[in-house]
Amino acid sequence: MFAFFKTLRKATRRAILPVAALALAACDPAALGNLTAGVGGSGPRVDASQPVPVALLVPRGSGRASDDLLAQNLENAARLAMRDLEGVQVDLRVYGTAGNAQTAANQAAQAVNDGARIIIGPLYAEAANAAGVAVAESNVSVLAFSNNTTIAGGNVFVLGPTFQNTANRLVSYAASQGKDRVVVVHAQDVAGQLGRNAIQQAIANNGGTLAGTVDYPLSQQGVVAAVPRIKSTLDNSGANAVFLTATTSSALPLLTQLLPEAGVSPSTTQFIGLTRWDIPPQTLELPGVQGGWFALPDPNRSAAFRAQYQAAYGGAPHPLAGLAFDGIAAVGALVSRGNPNPLSTAALTQGSGFQGSTGIFRLRPDGTNERGLAVATVQNNQVTVISPAPRGFGGAGF
């Protein structure tokens with residue numbers, strides 16, 4: 001059992017490292033100096049008859065091959081989106097941040113001096129926060145690739161998928177299926193705590209009941225020791241669902257194996273995951289994940305983007321590349337309407353949102369985002385969508 005767990009972790013680590021690295025960087029809870037809400041609200045004026053100057057901040061120059069690869073993928077995806085714009089030209093200017101906060105701030109300021117009307121990127125949370133502070137007085141918004149909601153607000157928006165968005169989609173669906181008494185199981189690290197908070201808020205938002213919370217240290221022994229406590233909490237609370245924050249590269253394989261062995265039956269207790277259970281694909285072969293629920297972007301739109309990228313550049317896109325596509329798509333959609341202030345806070349946070357690389361998304365006034373997600377389950381080692389991703393936001397007139 002333990003040998004298999006270790007083998008799976010070794011096999012999956014390389015496949016998910018870029019995403020995991022972003023999640024760890026984005027979950028740093030240090031005080032990042034959020035900006036006052038409303039800064040940059042009016043946005044810079046834009047002449048839609050001329051190419052719109054857009055700055056793209058990428059982590060090029062850090063000395064890490066993974067950053068340089070991602071930087072190129074982000075630029076590729078941005079240029080791919082530019083091809084789809086109707087009646088709008090973008091003057092894309094690319095700046096390397098070296099994955100460094102101070103460099104990002106300097107490059108953001110330089111981009112505005114060069115005429116940028118909006119900044120897309122950078123990647124890491126501290127760099128994105130620094131870039132936002134550097135250009136706050138210039139009335140320019142920053143659409144960061146981070147998923148760290150602690151830096152969102154003012155002129156900084158995060159494009160990365162957030163725990164809050166995923167938790168809300170899954171809890172809402174679970175409640176509609178009668179799975180409304182939830183025990184949350186999370187690691188004691190920062191990501192686990194933020195995931196727990198997001199799930200708890202989603203339960204409150206959707207009229208569910210938090211039936212209990214069980215934490216565990218991020219170690220094999222810690223997970224094993226937590227199983228009896230999870231079973232006891234489920235039994236004593238009358239819960240009908242257990243929501244796991246664990247990733248496929250850490251505790252998920254062990255938890256989904258040990259809980260059924262301890263008597264937690266997936267037939268009566270719904271297993272739900274905050275993270276993707278289909279990455280890497282071999283996770284789908286685990287007996288313990290069969291029948292579990294997780295969220296994922298619109299599969300059809302995601303496949304179309306991958307095919308488009310593959311045809312243009314001869315290789316599959318990095319999992320985060322689509323965020324740059326989304327930033328350009330949003331800019332193009334807003335500028336095409338001819339509004340002299342298409343990049344204002346009001347315009348960026350329009351309720352109808354935008355069509356992106358993985359489906360619909362919209363930016364919220366608090367700097368976070370909402371993405372249209374599908375709910376999927378694992379059946380016979382394959383992903384089956386049980387609740388499709390929405391094609392528009394209700395009442396928003398998409």
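The values are calculated or read from the model by the stated rules, or taken from the named source; none is laboratory data. Everything numeric in this text was worked out from a predicted model, so none of it was measured. Backbone-built Cβ (ideal geometry, glycine too); neighbour counts: all protein chains shown.
Can you tell me which residues in segment 236-268 are among the polar types (S, T, N, Q) and either farther than 15 Å from LEU210 by Cβ or surrounded by fewer than 21 Cβ atoms within 10 Å (Cβ to Cβ) (or both)?
ASN236, SER237, ASN240, THR247, THR248, SER249, SER250, THR256, GLN257, SER265, SER267, THR268, listed by residue number.
May I ask you to list the residues in segment 283-332 that are of a type in the set (Ser, Thr, Tyr) and either under 19 Å from the mean Cα position of the chain (by Cα) or closer than 16 Å to GLY160 by Cβ (or both)?
SER302
Filtering segment 62-96 down to residues that are hydrophobic (A, V, I, L, M, F, W, C) and over 19 Å from ALA144 (Cα atoms), which residue is surrounded by the most Cβ atoms within 10 Å (Cβ to Cβ)? If you could, list the steps in order and put the result at the bottom.
Taking segment 62-96 as the starting set, the residues that turn out to be hydrophobic (A, V, I, L, M, F, W, C) are 65, 69-71, 74, 77-78, 80-82, 85, 88, 90, 92, 94.
Subset that is over 19 Å from ALA144 (Cα atoms): 65, 85, 88.
Working: ALA65: 8, LEU85: 17, VAL88: 20.
Within segment 62-96, the match that is surrounded by the most Cβ atoms within 10 Å (Cβ to Cβ) is VAL88.
In segment 189-219, how many residues are of a type in the set (S, T, N, Q), touching a residue at least 24 places away in the same chain (Cβ under 8 Å) and exposed (fewer than 15 other Cβ atoms within 10 Å of the Cβ)?
1
Can you give me the number of residues within segment 291-340 that are out of contact with any strand residue (DSSP E or B) (no Cβ under 9 Å at 6 or more places or on another chain), among the aromatic types (Phe, Trp, Tyr) and crowded, with 22+ Cβ neighbours inside 10 Å?
Of the residues in that region, 1 qualify.
Residue check: is ALA174 surrounded by 24 or more Cβ atoms within 10 Å (Cβ to Cβ) and not β-branched (Val, Ile, Thr)? Give the derivation first.
Working: surrounded by 24 or more Cβ atoms within 10 Å (Cβ to Cβ): yes; not β-branched (Val, Ile, Thr): yes.
The answer is yes for ALA174.
Those residues that are within 19 Å of the chain's Cα centre (by Cα) and over 21 Å from LEU70 (Cβ atoms), I need them from segment 256-277; list them, please.
ILE272, GLY273, LEU274, TRP277
Please work out if ALA55 is in a strand (DSSP E or B) and in contact (Cβ under 8 Å) with a residue 60 or more places away in the chain.
Yes.
All but one of (1) modelled with pLDDT under 95; (2) farther than 17 Å from THR345 by Cα; (3) in contact with a Gly (Cβ under 7 Å, 6 or more places away or on another chain) hold for SER146; state the number of the condition that does not hold.
If we test SER146 against (1) modelled with pLDDT under 95; (2) farther than 17 Å from THR345 by Cα; (3) in contact with a Gly (Cβ under 7 Å, 6 or more places away or on another chain), just (1) comes out false.
Given (1) in the same structural domain as ALA144 (by TED's automatic domain parsing); (2) under 21 Å from LEU274 (Cβ atoms), where does VAL383 come up short, assuming only one miss?
Here VAL383 clears every test but (1).
Filtering segment 97-130 down to residues that are of a type in the set (D, E, K, R) and farther than 15 Å from ALA144 by Cβ, which residue is surrounded by the fewest Cβ atoms within 10 Å (Cβ to Cβ)?
ASP114
Among the numbered criteria (1) part of a strand (DSSP E or B); (2) acidic (Asp, Glu); (3) at pLDDT below 95, which one does ASP47 miss?
(1)
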